[in-house]
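Following: one structure in structure tokens, then a few remarks.
The values are calculated or read from the model by the stated rules, or taken from the named source; none is laboratory data. Source: prediction; values computed, not measured. With ideal geometry, Cβ positions are generated from the backbone for all residues, glycine too; neighbour counts draw on all protein chains shown.
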Amino acid sequence: MKRFFLLFVFLVLNMMLLAQNANNEAAQIKQQMAAIRRSTNWNDPAAAKEANVKLEGLAAKLTQAIRNSKAPAQQLQEGNTPEGKTEMQQEMDDYSTQLSSQMMKIVREGDEGKMDLAEPLREQIAEEYKEDENPTVKNREYLNEMTLLYIDMSSATVQLVIDQMENYRSIKTLVITGGKNGAAVNLENLFAKAAHYPLQQLYIINFKDFVTKVPKAIGNFRELNFLALYNNKINQLPAEISSISQLKSLYIEMNPVIALLPTINTLNKLDTLGIAKTQITTDEINRIKQQLPNCKIVQ
């Protein structure tokens, strides 16, 4: 028994040493990638191409180093991640939950002055992945694992994110925001780029006068179960929303919308409807209650 215990301790220490070496290697690779990004003249096509080749090679090495650093822990605690999710996937799911909670809080409190809802949460994620500053360079694992994409149209570098959109494969939560003061946006273009996403949650928030309608293409996201359209100038929902049969939560707060019927009367799974600070009449609310008796209306 003692010999077995010593052997076990030796194996654990050896795993820890391997993990530490892998962590050190990952840190060195990140430093190399950061140095390339800082020193490259990205306005020079030849230099940018050469840098991208180097970065892609380093990204592959970084992915392997990260796997090596986590492998010992996975051997000792197999299946510890909820439902087999990767660390990144779990983090993105947690972020999505926090974002929803923050939005609910703002609607309840009427705090329109703090509609850059996700900034504190986004900074948490940005700190964790701060080495991935250049969205034109993403390793394959990153592109395949990301489940949440945040697009701030008021950001100076937002076009870099938009150009990368079609490379993502697993986006389940898409947040499109106008930032603090609203910003111009081409929703039809963004919807086209996101057409292959397995979207479950979609946020179109804080565009104010810049968004007055939702593109018909929203009906193509058939697996949506959550749709939030906060703080825009939408006065009517497109009929195509009626085809999103999986929709459970719909929030149209802070929009001058007058009526939702008959658009939503076929959404039998709808259990929450947020209509705070809209122009929906009492008569319309009563008719919605008759059509969707199991739906909770939040005013």
- Note on the structure: Checked the range 272-292 for anything within 21 Å of I205 (Cβ to Cβ) and of a type in the set (D, E, K, R); matches are K277
- Subset of the range 209-243 (residues that are within 19 Å of D152 (Cα to Cα) and exposed (fewer than 15 other Cβ atoms within 10 Å of the Cβ)): D209, T212, K213
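Here is a yes/no grid of residues against (1) β-branched (V, I, T); (2) exposed (fewer than 15 other Cβ atoms within 10 Å of the Cβ); (3) at pLDDT 95 or above; (4) in a helix (DSSP H, G or I):
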{"site": "E253", "(1), (2), (3), (4)": "no, no, no, no"}
{"site": "A259", "(1), (2), (3), (4)": "no, no, no, no"}
{"site": "T263", "(1), (2), (3), (4)": "yes, no, no, no"}
{"site": "N268", "(1), (2), (3), (4)": "no, yes, no, no"}
{"site": "T278", "(1), (2), (3), (4)": "yes, no, no, no"}
- Query: Given the residues I241, I162, which is the only one that is assigned by TED's automatic domain parsing to the domain that holds L148 and over 20 Å from L143 (Cβ atoms)?
  - Reply: I241
- Item | Cβ-Cβ under 9 Å pairs, at least 6 apart or on other chains, the range 173-193 side hydroxyl-bearing (S, T, Y), far side assigned to a helix (DSSP H, G or I) | T173/M92; T173/D93; T173/Y95; T173/S96; T173/L99
- Task: Looking only at the range 239-266, count how many residues are in contact with a helix residue (DSSP H, G or I) (Cβ under 7 Å, 6 or more places away or on another chain) and more than 20 Å from I204 (Cα to Cα).
- Result: 3
- Message: For the range 196-225, which positions are modelled with pLDDT of 95 or more, over 13 Å from the mean Cα position of the chain (by Cα) and among the aromatic types (F, W, Y)?
- Response: F210, F221
